[in-house]
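The values are calculated or read from the model by the stated rules, or taken from the named source; none is laboratory data. As the structure is a prediction and not an experimental result, all values here were calculated from the model. As a convention, Cβ positions derive from the backbone with ideal geometry for all residues, glycine included, and neighbour counts pool all protein chains shown.
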């Protein structure tokens, strides 16, 4: 079962495909990269004849292959594998597809000692009812694969192996740990070089690296993996984000909620989580001979508040939002800094409305989401509309059609770039996912606006309509930033740690040239703080060169230097981060400039 952490909307049924199966390949570039993964496996087999192979799919930006060999690979081994790949590509052998019965394939891969392939073939037979499988042979190497591939190995023109990592077979810690080699390939050296340059920049912006360097957050394996410790500077940014979020939601007509961190088992049975999501939930606690579960979602708690009284159409819509901390079991192999964690705070909202209000509410929530994203500096946004799946669903045909139509109209009203994901909706309703592009052009899935026809039925939610009859409200889940942890990771990488003034934990650092200027700097520090600005004075016994370099390394938006001339004139030499030159400004001018920059996103809410 898979669940995107920022997709807040209730229940997820098991996917039709396993995470260990190769994805369907669509583009010419994916075909070529998939072929490069095959060639890489061939090269590894040449170098380590006893190698056993897991899967080798394409992924966004490249490919990987999971292998089992006795030697512990390091980045130093990658050039050797690349050289062997070049020999194979130069030989330019064709890729030949063959079809085998299940029994033939099992015999073939058992004979070659490929136990992981044998397991995959057995699963295809037992779970999918397959009668045949396909292999691809290139030169002396044959691999289990549904393809497609390029016609000849020589079609692979520009490739690079990138890294080595560990990965449990089929994502479970109970299985053997394999070695995963990541690589990429392009149609030209120019494209490859451009991509490698982007990867180098991405490495410099890696939120895990910058989190350490800027002292923003930490994780502690010994205290529990996947749990985030927010340091003072990171916590200050979080407080700014939360304050802005709350102000924006109140201005947008939302009310804020606070709900418990755990609930009795009956709540999760009613919601369906114990049936469909239990493997991502933590073990229950026994309290007063009843089982309590720590919450993986906030939605059932909001529904409980809804059900505290009889609701009238006159009360609707209800827009309820919460910064609710939830806990989900993520396998240790997929934990990744701030981006994949086990405890996180979702910026959650639920909208309860009448069918007549549905279209206008969807438009409003989409408009609201776009406004917030632009305030945080993300302007390149694309919508993905996931429609009704083929499997059985909750809700009537009319409900699905009306919901999909309202989502389409909202996208069109905002003139958003968009794609349709046919059949990609959950069983409980269609949705819009918003993906944003960061400063490096990478796409991140963030906001989800999700209809839910399931939970109102499960919890018997009603409202009294104009005709005096009880009816089901429409329920819309909305996770805007996704989670504060993941959003913070994306934000760090988008800005490379050089946050705009309104988000920066320290907006200005005051640097006295000598001890005699420290008092002057401290007096101005008090004025800055009185104006609601975040600043500090560097009184360390270090050289001016060290202090100014450190302010730049710390990515502080403004350095304010004071010596004899500035003290006499009531001014500072102001240097902006990333610039070499400074300009002299009076105290009042500095305060006005910083306040203007600090308040700009808040003014956008009006």
>> Go through (1) crowded, with 19+ Cβ neighbours inside 10 Å; (2) in contact with a strand residue (DSSP E or B) (Cβ under 6 Å, 6 or more places away or on another chain); (3) within 29 Å of residue 567 (Cα to Cα) for residue 481 and report which single condition fails.
In response: (3)
>> Can you tell me which condition residue 454 does not meet? The list is (1) modelled with pLDDT under 95; (2) at positive phi; (3) surrounded by fewer than 23 Cβ atoms within 10 Å (Cβ to Cβ), and all the others hold.
In response: (2)
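How many residues does the stretch 568-590 contain that are part of a helix (DSSP H, G or I) and surrounded by fewer than 19 Cβ atoms within 10 Å (Cβ to Cβ)?
5
Is it true that some residue in the stretch 73-95 is part of a strand (DSSP E or B) and either within 20 Å of residue 45 (Cα to Cα) or out of contact with any helix residue (DSSP H, G or I) (no Cβ under 8 Å at 6 or more places or on another chain) (or both)?
Within the stretch 73-95, one or more residues are part of a strand (DSSP E or B) and either within 20 Å of residue 45 (Cα to Cα) or out of contact with any helix residue (DSSP H, G or I) (no Cβ under 8 Å at 6 or more places or on another chain) (or both).
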> So which of 358, 399 ends up being in contact with a helix residue (DSSP H, G or I) (Cβ under 6 Å, 6 or more places away or on another chain), at pLDDT below 95 and closer than 17 Å to residue 477 by Cβ?
Replying inline: 358
> Filtering the stretch 113-129 down to residues that are outside any helix (DSSP H, G or I) and surrounded by fewer than 13 Cβ atoms within 10 Å (Cβ to Cβ), which residue is modelled with the highest pLDDT?
Replying inline: 113
>> Can you pull out every residue in the stretch 219-233 that is surrounded by 14 or more Cβ atoms within 10 Å (Cβ to Cβ), within 19 Å of the chain's Cα centre (by Cα) and at negative phi?
In response: 219, 227, 228, 230
> Residues of the stretch 294-307 being under 25 Å from the mean Cα position of the chain (by Cα) and either free of Cβ contacts under 8 Å to residues at least 60 places away in the same chain or surrounded by fewer than 18 Cβ atoms within 10 Å (Cβ to Cβ) (or both), which ones?
Replying inline: 294, 295, 296, 301, 302
> So which residues in the stretch 390-413 are surrounded by 15 or more Cβ atoms within 10 Å (Cβ to Cβ) and part of a loop (DSSP other than H, G, I, E, B), if there are any at all?
Replying inline: 393, 394, 395
>> Within the stretch 322-332, does at least one residue satisfy the condition of being within 30 Å of residue 166 (Cβ to Cβ), in contact (Cβ under 8 Å) with a residue 60 or more places away in the chain and not assigned by TED's automatic domain parsing to the domain that holds residue 361?
In response: no
> Can you tell me which residues in the stretch 421-453 are farther than 27 Å from residue 392 by Cβ and either touching a strand residue (DSSP E or B) at 6+ places or on another chain (Cβ under 6 Å) or not assigned by TED's automatic domain parsing to the domain that holds residue 348 (or both)?
Replying inline: 434, 435, 436, 437, 443, 444, 446, 447
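Yes/no per residue for (1) touching a residue at least 24 places away in the same chain (Cβ under 8 Å); (2) closer than 30 Å to residue 364 by Cα; (3) part of a loop (DSSP other than H, G, I, E, B); (4) under 21 Å from the mean Cα position of the chain (by Cα):
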| residue | (1), (2), (3), (4) |
| --- | --- |
| 193 | no, no, no, no |
| 197 | no, no, no, no |
| 200 | no, no, no, yes |
| 204 | yes, no, no, yes |
| 210 | yes, no, no, yes |
| 235 | no, no, no, yes |
| 241 | yes, yes, no, yes |
| 245 | yes, yes, no, yes |
> Name the residues in the stretch 352-385 that are in a strand (DSSP E or B), more than 17 Å from the chain's Cα centre (by Cα) and under 26 Å from residue 603 (Cβ atoms), would you?
Replying inline: none
